[in-house]
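Here is the structure we will look at.
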Amino acid sequence: MASYNLLLLPGDGIGPEVMAEVEKLVGWYGRRGIARFETEKDLVGGSAYDAHGKAISDAAMARAQAADAVLFGAVGGPKWDKVPYEHRPEAGLLRLRKELGLFANLRPAICYPALADASSLKRELVEGLDIIIVRELTGGVYFGEPKEIVTLENGEKRAVDTQLYTTHEIERIARVAFELARKRRNKVSSAEKRNVMKTGVLWNEVVTRVHGAEYADVELEHVLADNCGMQLVRNPKQYDVIVTDNLFGDILSDVAAMLTGSLGMLPSASLGAEDPATGKRKALYEPVHGSAPDIAGKGLANPIAMIGSFAMALRYSFGLVAEADMLEKAIANVLASGLRTKDIAAAGTNAVGTREIGDAVVAELDRLAA
Ligand code: IPM
Ligand code: MN
């Protein structure tokens, strides 16, 4: 039985609660003789700041570098609103992305049939929705320098963030999008703002060139990022793969997430480049939702995005494609059976807690594997 090292970084807020449901699954795969996952746990975000004065310790970073995959919960909360900017909880996640070189963030937005009515859009617009946002994750305005607030001579302050992209950063994310499209409905929509941004002009140019040279069999369209946001709420099913930069991807993926009924539903995978020698790539899997401090510790959080993120790990890090399909099927079946956490429950119906959903997924896996 293959054996893999998983680093679990539950983080803050509801992070530990949703991670506990994935730990049940980890045990299940071992008991079934499918794969042995050796897990280690460490701190990230506000909890790491409280323990070490940093949003992630160097020791945790070293463990992340050594792991076959990292599973990440969520970070942040009002408790850390006043910590210095460089130590804010989010800095732990950004350091992981940057130092592990996780440039490709895959954010699928799938509307489970049972949840079409939980969406804020009409059922016919979202039913059967299956799109994926490919977000560039290690460049752009998140990391561009200078990034600072300076005081001017007249006492005013001036804040600067720098949006910056180089050719190879755009080429490699474009390739990820085209490769994915070939395994899906063969269409890529590239979103930028070339009408006002130089990075948009270059983005458009490079995506067009990579398409012509290597992926002419894939349908490519260019869309302005603001229009893409509008189209996502007007007619989301027109899309297959959307490829976009770090900041637009952050925003558009929140929009896409809500189409599916709840932010609590969306998993994501952040992948690095393939190591030519080993064929392995660094990877981190995390739900798109945040730490939800308002419901933390109450057992109410929806663990489906975290469980779905583990399914993505099975698929992209461990080559366990049939197992990933089965886990996604188990999630769909649990939803179809009517079990709902509060975020997706229809008004007037009874909601269950985080643990009940996790237990039901395990029970469903037992049934599907029998
Ligand atoms: C996300 C989050 C992060 C981001 C935050 C927590 C830094 O919103 O993963 O979408 O902005 O990338
Ligand atoms: Mn976000």
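Read-outs throughout are calculated quantities, based only on the coordinates presented, and are distinct from any laboratory measurement. In this text the structure is predicted, and so the values were computed from the model without any measurement. All Cβ positions, even for glycine, are placed from backbone atoms using ideal geometry, and neighbour counts span all protein chains on display.
Odds and ends about this structure:
- Summing charges over neighbours of A301, with a neighbour being any other residue whose Cβ is under 11 Å away from its Cβ, gives -1 when K and R count +1 and D and E count -1.
- The alpha carbon centroids of the stretch 128-166 and the stretch 10-70 are separated by 28 Å.
- Treating each Cα of the stretch 130-259 as an identical point scatterer and summing with the Debye formula, the log10 of I(q)/I(0) at q = 0.13, 0.18, 0.19, 0.22 Å⁻¹ comes to -0.54, -0.93, -1.02, -1.30.
- Rounded if a/c under 1.5, otherwise prolate or oblate - the stretch 176-238, Cα gyration tensor axes: oblate
- Table column - 3J(HN,Hα) (Hz), the stretch 150-166, Karplus curve with 6.51, -1.76, 1.60, x for Gly and Pro: 10, 9, 7, 4, 7, x, 5, 10, 10, 9, 10, 10, 10, 8, 9, 9, 10
- Packing order of peptides 80-90, 317-327, 39-49, highest average first: 39-49, 317-327, 80-90 (average count of other Cβ atoms within 10 Å over each peptide's residues).
- Size of the stretch 1-107 from its Cα atoms: along the principal axes, largest to smallest, the extents are 47, 28, 27 Å.
- Residues with amide H under 5 Å from that of I133, placed H, sequence gap 5 or more: R107, A109, I242
- Cα-Cα separations in the chain greater than 34 Å, expressed as whole percent: 26 percent
- Close amide H contacts of S190 (hydrogens built in the peptide plane, cut-off under 5 Å, sequence separation of 5 or more or a different chain): E221, H222, V223, V243.
- The stretch 203-342 - Debye-derived log10 I(q)/I(0), Cα point model, q = 0.16 Å⁻¹: -1.11
- Here the Karplus relation 6.51 cos²θ - 1.76 cosθ + 1.60, evaluated at θ = phi - 60°, turns the backbone of the stretch 278-292 into coupling constants of 9, x, 8, 10, 5, 7, 9, 10, 8, x, 6, 6, x, 8, 6 Hz, with x for every Gly and Pro.
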